[in-house]
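A.B. asks: Below you'll find the structure I mean.
The values are calculated or read from the model by the stated rules, or taken from the named source; none is laboratory data. Please read all numbers here as calculations on a predicted model, not as lab measurements. In case anyone asks, the SASA skips ligands and DNA or RNA and just uses the protein heavy atoms, side chains included. Shrake-Rupley method; radii C 1.70, N 1.55, O 1.52, S 1.80 Å.
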Amino acid sequence: MAQEVTLTGVERTFADDEIIVSKTDTTGRIMYANDVFLRLASMTEAETIGAPHSVIRHPHMPRSVFKLLWDTIAAGHEIFAYVVNRSKNGDHYWVLAHVTPSFDSTGQIVGYHSNRRTADRDTLENVIQPLYKQLLDIEQSHPNRKEGMNSAFKTLVGILEEKGVSYDEFIFSLQR
Ligand SMILES: Cc1cc2nc3c(=O)[nH]c(=O)nc-3n(C[C@H](O)[C@H](O)[C@H](O)COP(=O)(O)O)c2cc1C
């Protein structure tokens, strides 16, 4: 959703041994958030539970990355993704998220689970931030939001093809 949001430019950090956890229903509505999540987002449990996950969406996150995330998890696969989130007061924090589908005994997806850890600073500055800026610029250059997202998505696929790697291989190549 395009909306005017306050940004302070202040980055929040968390410890390497902390994990930010949330669980959602199949539509991305938050069903559970741990204390680390609430602290970084500056939200109470009452504000968080039942809210769409986009409640912490940062406007600098490319739409095309969320498309990849949803396409992947809705198909029953896990995904690792770098994400910048927005705290309630407009601060931000970078994470490396591992998002997985949860299945019932018949194999139906009943919700999703995300565990997030700290993201490596060099990787963010040298690879992810420039890539996301490129994707966001493409998205914002289109008057139509969906067209912009699809165009940026194609660019992302093209970059991976050029490197000759899958998205997973690309992400894992960045791990330290
Ligand atoms: C388990 C799970 C965790 C998610 N975590 C985040 C998150 O940390 N930050 C975020 O902006 N979106 C997250 N999303 C994606 C949101 O559902 C949404 O697609 C995204 O915020 C883009 O929102 P928009 O389509 O309204 O722009 C998550 C989705 C799932 C299923």
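A.B. asks: So for the chain, Kirkwood radius off the Cα pairs, Stokes-Einstein at 37 °C and 0.692 mPa s: how many µm² s⁻¹? If you can, show how the numbers build up before the last one.
C.D. replies: On the way: Rh = 16.9 Å.
Roughly 194 µm²/s, to the nearest whole number.
A.B. asks: Further question: Mind grabbing the accessible area of Arg117 for me, 1.4 Å probe, Å², rounded to tens?
C.D. replies: 110 Å²
A.B. asks: Is the shape of the range 1-77 rounded, prolate or oblate, going by the alpha carbon gyration tensor and its root eigenvalues a ≥ b ≥ c, with a/c under 1.5 for rounded and a/b larger than b/c for prolate?
C.D. replies: Because its axes are fairly even, with a/c under 1.5, the range 1-77 counts as rounded.
A.B. asks: Leaving ligands, DNA and RNA out of it, report the carbon-plus-sulfur percent of the accessible area of the range 99-176 at a 1.4 Å probe.
C.D. replies: After summing per-atom areas, the C and S share lands at 49 percent.
A.B. asks: Based on the alpha carbon coordinates of the range 46-101, what radius of gyration and maximum Cα-Cα distance (Dmax) apply, in Å?
C.D. replies: Looking at the range 46-101, its Cα Rg and Dmax stand at 11.9, 34 Å.
A.B. asks: Where does the range 73-116 land on the Kirkwood hydrodynamic radius, alpha-carbon pairs, in angstrom?
C.D. replies: 11.7 Å is the Kirkwood radius here.
A.B. asks: Please work out the average accessible area per residue across the range 39-160, using the 1.4 Å probe convention, and give it in Å².
C.D. replies: In whole numbers, the range 39-160 has 48 Å² accessible per residue.
A.B. asks: Under the √(5λ) rule applied to the eigenvalues of the Cα gyration tensor, what semi-axes describe the equivalent ellipsoid of the range 86-176? Give them in Å, descending.
C.D. replies: 24, 19, 18
A.B. asks: Hey, another quick one. As a check on your grasp of the helix formula, calculate [θ] at 222 nm for the chain: sum -39500 (n - 2.57) over DSSP H runs of n ≥ 4, divide by the residue count, round to the nearest 500.
C.D. replies: Value at 222 nm, helices only: -10500 deg cm²/dmol.
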